[in-house]
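Before any comments, here is the structure.
Bear in mind that the values in this text are calculations on the coordinates, not laboratory data. These figures come from a predicted structure and were not determined experimentally. Glycine gets a Cβ as well: all are built from the backbone with ideal geometry, and neighbour counts include every protein chain shown.
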Amino acid sequence: MEVDIETLKYPIGRYEAPETFTEAYKDECIARIEALPAKLKSAIEGMTAEQLDTRYREGGWTVRQLLNHIPDSHMNAYIRFKWSLTEETPTIKAYDEKLWVKTNEVASFNIDTTMKLLDAHHARWAELLKSMSMEDYDKAFKHPETGKRNPLNKWVGVYAWHGEHHLAHITELKKRKGW
């Protein structure tokens, strides 16, 4: 069964922000962020090194690269949130995620350690997110490439989606391969 490229790239669809940011939506996003490490751990349980080094689609990243990209991305998100909470609309530092997944430790480091990092990071990040008031979510950062104001109430949803997006890359690959 052939799957179209859009479905391979976005197995849960593209991110769609809600019309309004509510307490219920905030709580849902935090719960999704908090639950991600356990879901990823379950998804990769029993995978071989060869399976971890399989691309989820032609031209896409390997499972191992995805698993390293998620904490890289989410640690940057955490820092962006902290800057936004402690500075007046700071301009963040951008990074090239395509180059970050090519650094040496991504290919050689034990994936169990990466998963421990993700687990610890998400626990701390979720605690920060829970401690924020609704007004805190109106705080924002500026991206250096666009100069646009990026409110945290948008990005908590983006990152909740982001983790599940990459989780689906892994679970859908496993289904297609019959693993």
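Side notes on the structure shown:
- Alpha-carbon gyration tensor eigenvalues x 5, square-rooted, for segment 56-136, Å: 27, 16, 10
- Coupling constants for segment 11-22 follow from the phi torsions by the Karplus curve (6.51 cos²θ - 1.76 cosθ + 1.60, θ = phi - 60°), and in residue order they are x, 10, x, 6, 5, 10, 6, x, 5, 10, 8, 10 Hz; glycine and proline get x.
- By the count of neighbouring beta-carbon atoms within 10 Å, fewest first, HIS166, HIS143 end up ordered HIS143, HIS166.
- Charged neighbours of ILE5, selected by a Cβ distance under 12 Å, balance to -2 (K, R count +1; D, E count -1).
- A Förster radius of 35 Å combined with the Cβ-Cβ distance from ARG14 to LEU52 puts the calculated FRET efficiency at roughly 0.85.
- The ratio of the alpha-carbon radius of gyration of the chain to the globular-protein estimate 2.2 N^0.38 Å is 1.06.
- The chain: angle of helix 23-44 to the longest principal axis, Cα-based, in degrees nearest 10: 20
- Relative to the dominant Cα principal axis of the chain, helix 111-131 is inclined by about 20°.
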